[in-house]
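The values are calculated or read from the model by the stated rules, or taken from the named source; none is laboratory data. Fair warning: this is a prediction, and the values are worked out from it, not measured in the lab. Here the Cβ positions follow ideal geometry from the backbone for every residue, glycine too, while neighbour counts run over all protein chains shown. When the accessible area is computed, the model is the full protein with side chains, heavy atoms only, and any ligands, DNA or RNA have been set aside. Shrake-Rupley method; radii C 1.70, N 1.55, O 1.52, S 1.80 Å.
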Amino acid sequence: MPRLSRPSGRLGIQPGWRCLELGGGAGSVARWLAEQCAPGEVVGTDIGTTLLPRDVPNLSVRRHDVVQEDFPAASFDLVHARALLEHLPERAEVLGKMARWTAPGGWVCVETVMAVHPPSGTRNAYQRCLNAVFTLSENVMGTDQRWGTALPGLLSQAGLTDIGVHCTPGLVGRNGNADAFLRLSLEQIGPALVRARLTTPEELTECTDLLEGGKYTDLALMTLSAWADAPATDSP
């Protein structure tokens with residue numbers, strides 16, 4: 001993942017808050033939230049928790065399937081998910097759960113990666129490989145790379161208020177903030193791209209050489225961060 005802005009910092013995380021991090025991955029966001037809300041508590045979840053940290057006193061790790069499992073209503077002051085919902089066919093239902101789990105006056109914050117497809121016409125090796133990555137993720141994984149554009153409306157439909165949005169461009173080449181994201185993506189799914197005949201080993205090498213040559217940069221993706229407030233129970 002590219003390094004993201006910290007929109008949660010705009011929400012005024014307070015000491016003593018109880019926070020939920022869904023799809024915590026390697027735990028970088030959960031660890032950061034734990035620092036911000038101490039002595040409050042962060043619950044970090046994922047269907048695989050091996051990489052989530054165990055050395056943070058106020059961070060508890062829980063194996064949790066967000067599609068199948070639940071939390072009590074109004075359990076958290078902040079419910080956060082990064083690069084998760086776009087991969088779930090049940091994304092709208094999960095967003096509704098996130099709203100229910102948020103206490104009145106608390107916040108829901110969702111960060112989603114949106115594809116920036118290369119323009120039509122002649123494409124270089126990087127653009128062809130990027131298009132192959134997006135094609136595989138959409139057709140095989142069921143990822144909706146454009147879903148983030150609907151987030152403000154979906155947050156409103158969930159009964160949330162004070163909706164805010166921030167977009168962070170992901171650049172590759174010349175030490176761009178999305179370099180690591182693309183490099184790891186190509187390393188991990190490059191063989192699958194070749195098997196699906198979406199690219200070739202030679203093209204993958206050409207793409208890597210282009211990005212590491214120090215003379216090329218491009219826009220790979222946009223990270224959209226959206227947040228909204230759970231209104232107080234006495235609101236009209």
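Listed by first and then second residue, the pairs with beta-carbon distance under 9 Å, at least 6 apart or on different chains, first residue in region 157-175 and within 16 Å of Asp218 (Cβ to Cβ), second basic (Lys, Arg) and open to solvent by 50 Å² or more (accessible area, probe 1.4 Å), are Thr168/Arg3; Val172/Arg183; Gly173/Lys215; Arg174/Lys215.
Taking region 81-105 as the range and being modelled with pLDDT under 95 and more than 19 Å from the chain's Cα centre (by Cα) as the test, only Gly105 passes. Looking at Gln127, is it over 15 Å from the mean Cα position of the chain (by Cα) and polar (S, T, N, Q)? It is true that Gln127 is over 15 Å from the mean Cα position of the chain (by Cα) and polar (S, T, N, Q). Considering the conditions (1) closer than 30 Å to Asn139 by Cα; (2) free of Cβ contacts under 8 Å to residues at least 12 places away in the same chain, Asp55 is excluded by exactly one of them, (1). Of the helices (runs of 4 or more DSSP H) lying entirely inside region 1-119, those carrying at least 3 residues that are basic (Lys, Arg) and either open to solvent by 30 Å² or more (accessible area, probe 1.4 Å) or under 22 Å from Gly153 (Cβ atoms) (or both) are 91-101.
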